[in-house]
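Below is one structure, written out as structure tokens, with a few remarks after it.
The values are calculated or read from the model by the stated rules, or taken from the named source; none is laboratory data. Given the structure is predicted, the values throughout are model-derived calculations rather than measurements. Here the Cβ positions follow ideal geometry from the backbone for every residue, glycine too, while neighbour counts run over all protein chains shown. Keep in mind that these areas ignore ligands, DNA and RNA; they rest on the heavy atoms of the full protein, side chains included. Shrake-Rupley method; radii C 1.70, N 1.55, O 1.52, S 1.80 Å.
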Amino acid sequence: VQLQASGGGLVQAGGSLRLSCAASPSIAVFNVMGWYRQGPGKQRELVATVTASTSATNYADSVKGRFIIFRDTAKRTVYLQMNGLKPEDTAVYYCNGQTGPLTTHWGQGTQVTVSS
């Protein structure tokens, strides 16, 4: 099982980015997939999750109304559409997938930098 994150970059405040997390062999093996982030000098925090069975989504309060998480099973990818980016969104973003209650997989991080 592997997760490959991509799509980070440098963007001005108010701009948008879309992060991608490609899963091998398939996103179907994951019960829950999500994105976490770790800003400079901060602990890693939950950004958003999506549950496979119900497609239910969950967002951190700080990103509600600005970020959208969604899955494309055919492309084996989970996306994080980030709109209205703020400097405080600057962080390394990590893709996460759970295959069981105690089994979590992480992709490598992708840097998002938002300039003011």
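Can you name the residue in region 63-88 that is within 17 Å of GLY15 (Cβ to Cβ) and in a strand (DSSP E or B) and is also most open to solvent (accessible area, probe 1.4 Å) among such residues?
ILE68
Would you mind finding the one in ALA91, ALA48, ALA60 that is open to solvent by less than 40 Å² (accessible area, probe 1.4 Å), in contact with a strand residue (DSSP E or B) (Cβ under 9 Å, 6 or more places away or on another chain) and within 14 Å of THR110 (Cβ to Cβ)?
Just one listed residue meets the conditions, ALA91.
Count, please, the residues in region 9-35 that happen to be closer than 18 Å to PHE70 by Cβ, open to solvent by less than 50 Å² (accessible area, probe 1.4 Å) and not in a helix (DSSP H, G or I).
Qualifying residue count for the region: 12.
Hey, could you check region 42-62 for residues that are among the small types (Gly, Ala, Ser), assigned to a loop (DSSP other than H, G, I, E, B) and modelled with pLDDT of 95 or more and say which is nearest to VAL114 (Cα to Cα)?
That would be SER62.
Could you list, in sequence order, the residues of region 1-40 that are over 19 Å from GLN81 (Cβ atoms) and modelled with pLDDT of 95 or more?
Once the filter is applied, which keeps residues that are over 19 Å from GLN81 (Cβ atoms) and modelled with pLDDT of 95 or more, region 1-40 yields GLN38, GLY39.
Within region 68-111, work out how many residues are aliphatic (A, V, I, L, M) and within 11 Å of the chain's Cα centre (by Cα).
Residues that pass the stated criteria total 6.
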